Amino acid sequence: MRVAADQSARLAPGAATVPTASATEPPGWTEGVLVASNMRLSDFVAELRRYRSGVITLSPEVEHLRLSGVFPLADTDRILQAVAQVLPVQVRIPVRYWVRIGPVSEHG
C-alpha cells in the first residue's frame, strides 16, 4: 500500500484501512504512541530511550536510515521488532536491559 505524505492509514495484522487525509495534529506521547515521520533512526532511538529502561546502542552504520510510523509505547519490545522488520537492521538483546541495533550482517 502506498500512503502519501498528507495521508494516513491504520495497519493491523492482516488488514489496513484505506489511506485518507491526515488529521491536522498527529497522535503523540499523550496518546501513548511514538510518531516518526521520515525520522533518522538515530533520532528515533533517542526518543525510544526515553520510554525504555536500560541501554540502547546503535551502530553508526545504520543511524542514517529513515523510518516512518506510529508505534505504541506500551510495548517497546514490539517497537524494536517492527524496526527490524522494516529496516535492514538486526536487533539483539544480550541481556534484559541492553539492546544493540546494528546492520543485518552484524555478528556477536
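Go over the candidates Pro103, Pro72 one by one and state the one that is modelled with pLDDT of 95 or more and closer than 28 Å to Arg2 by Cβ.
Result of the check over Pro103, Pro72: Pro103.
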- Leading residue by the ranking (nearest to Met39 (Cα to Cα)) among those in region 55-106 that are in contact (Cβ under 8 Å) with a residue 40 or more places away in the chain and aromatic (Phe, Trp, Tyr): Trp98
- Task: Assess whether Glu47 counts as being at pLDDT 95 or above and not in a strand (DSSP E or B).
- Result: no
- Kindly indicate which of Leu41, Leu11 is among the aliphatic types (A, V, I, L, M) and modelled with pLDDT under 95. Leu11
- Task: Could you please give the count of residues in region 74-108 that are open to solvent by less than 80 Å² (accessible area, probe 1.4 Å), closer than 13 Å to Leu48 by Cα and out of contact with any strand residue (DSSP E or B) (no Cβ under 7 Å at 6 or more places or on another chain)?
- Result: 3
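Quick check: anything in region 25-38 surrounded by 15 or more Cβ atoms within 10 Å (Cβ to Cβ), modelled with pLDDT of 85 or more and not in a strand (DSSP E or B)? Can you show your working first?
In the first step, residues of region 25-38 are kept if they are surrounded by 15 or more Cβ atoms within 10 Å (Cβ to Cβ); the result is 33-36.
Then keep just the ones that are modelled with pLDDT of 85 or more; that gives 33-36.
With the extra rule that they be not in a strand (DSSP E or B), the set shrinks to none.
Within region 25-38, not a single residue is surrounded by 15 or more Cβ atoms within 10 Å (Cβ to Cβ), modelled with pLDDT of 85 or more and not in a strand (DSSP E or B).
The values are calculated or read from the model by the stated rules, or taken from the named source; none is laboratory data. Note that the coordinates shown come from a computational prediction; the quantities given were computed from them, not determined experimentally. Cβ coordinates were reconstructed from backbone atoms using ideal geometry, including for glycine residues, and neighbour counts include every protein chain displayed. The area values use the complete protein model at the heavy-atom level, side chains included, leaving out ligands, DNA and RNA. Shrake-Rupley method; radii C 1.70, N 1.55, O 1.52, S 1.80 Å.
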